[in-house]
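Participant: My questions all concern the structure below.
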Amino acid sequence: MGIAFLSSGSDVAFCVIGIPSLRAKLNVKQESSVIGAERLLLVLASLASHGKAMSVKDMLGVTGLAQSTLYRQIALLKRWGFVTEDAGCYAPGPVSLQLALGFDINSMLVEASRDGMAELSRATQESVGLIIAVNDQVICLEMVESTHSLRCSFEKGRAVPLRAGASAKSLLAFMAERTRNEALERQFAGDDAARAALETELERIRARGYAVSDSEVDPGVWGVSAPVFRRMSRGAGASASITLMAPSLRAAGREQQLADWTVRTANSISTRLQSA
């Protein structure tokens, strides 16, 4: 999972830097000379300053770009996780969190998850994270820390490879099939045996409904991760996973109970997202 042990007093403070109003920085409606990489920045800055998701029509009006040009920029930004799409509308993506550029676009996902995460952490006295997959990496969007002096933590905005650990395997198991196949192809190029072994494990995870790991990424860390679905349409993949993490010794003998609570929390968050 890419997590670390923390003792009380070692918590990390986070600073989020906002983006000034785009219109105060650039008269984008009159902009006709932007070229190359500036087009990407123009689209991203437009989304960041708008304050809510934008349709293609909205972006065309704000950026002044040709529709074909705009679609090319959006496709590239989506590929790298700088932009996310939901029901035909676009907003800044999770990678923006890592750049500390005022990430708050997944607010629906984060806000829908916070209460359930806090309740799960209180009930188990363990740390709980909201985890997503972007550009073949596992990224923590939100974290509720355990109150124990010895606890596990996955730093917000930190990225680890989408390959091992409960979080990565839950995300892989429940993402859309095409997206999963493309990710596995990149992760395991030239290693067919390792890919086949992981695909077999992912099948078991889908049948069980959650992923578990123990000391797989970090020694002495146990974790369980369950998928969160924003939509339940056929072929739709999970939007994120809820991961509970604990020192292995403290999880011993409680594994099934912790897994059941984590699955219930993820299901509750999914229901809340789908009814929004």
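The values are calculated or read from the model by the stated rules, or taken from the named source; none is laboratory data. It should be emphasised that the depicted structure is a prediction, and the values quoted were computed from it without experimental measurement. Glycine gets a Cβ as well: all are built from the backbone with ideal geometry, and neighbour counts include every protein chain shown.
Participant: Kindly provide the set of residues from region 204-241 that are in contact (Cβ under 8 Å) with a residue 12 or more places away in the chain and either outside the structural domain of residue 111 (by TED's automatic domain parsing) or of a type in the set (D, E, K, R) (or both), ordered by number.
Facilitator: If the condition is that a residue be in contact (Cβ under 8 Å) with a residue 12 or more places away in the chain and either outside the structural domain of residue 111 (by TED's automatic domain parsing) or of a type in the set (D, E, K, R) (or both), then 206, 214, 216, 218, 230, 231 are the ones that fit.
Participant: Take residues that are acidic (Asp, Glu) and tell me which of the helices (runs of 4 or more DSSP H) falling wholly in region 164-276 contain 3 or more.
Facilitator: It comes to 177-187, 192-208.
Participant: Among 159, 100, 168, which is the only one that is at pLDDT 85 or above and farther than 20 Å from residue 273 by Cα?
Facilitator: 168
Participant: Being in contact with a Cys (Cβ under 9 Å, 6 or more places away or on another chain) and either outside any strand (DSSP E or B) or not assigned by TED's automatic domain parsing to the domain that holds residue 227 (or both) is the filter here; which residues of region 117-144 pass it?
Facilitator: Of everything in region 117-144, just one residue is in contact with a Cys (Cβ under 9 Å, 6 or more places away or on another chain) and either outside any strand (DSSP E or B) or not assigned by TED's automatic domain parsing to the domain that holds residue 227 (or both), namely 126.
Participant: Condition test on residue 202, is it closer than 30 Å to residue 114 by Cβ, surrounded by 13 or more Cβ atoms within 10 Å (Cβ to Cβ) and within 15 Å of the chain's Cα centre (by Cα)?
Facilitator: Here the answer is no, as residue 202 does not meet what is asked.
Participant: Has region 56-66 got at least one residue that is buried (at least 17 other Cβ atoms within 10 Å of the Cβ), in a strand (DSSP E or B) and at pLDDT 85 or above?
Facilitator: The answer is no; no qualifying residue exists.
Participant: A further question on this structure: Being exposed (fewer than 13 other Cβ atoms within 10 Å of the Cβ) and either in contact (Cβ under 8 Å) with a residue 40 or more places away in the chain or among the aliphatic types (A, V, I, L, M) (or both), is that true of even one residue in region 254-272?
Facilitator: Within region 254-272 (the criterion being exposed (fewer than 13 other Cβ atoms within 10 Å of the Cβ) and either in contact (Cβ under 8 Å) with a residue 40 or more places away in the chain or among the aliphatic types (A, V, I, L, M) (or both)), the answer is no, since none of the residues qualifies.
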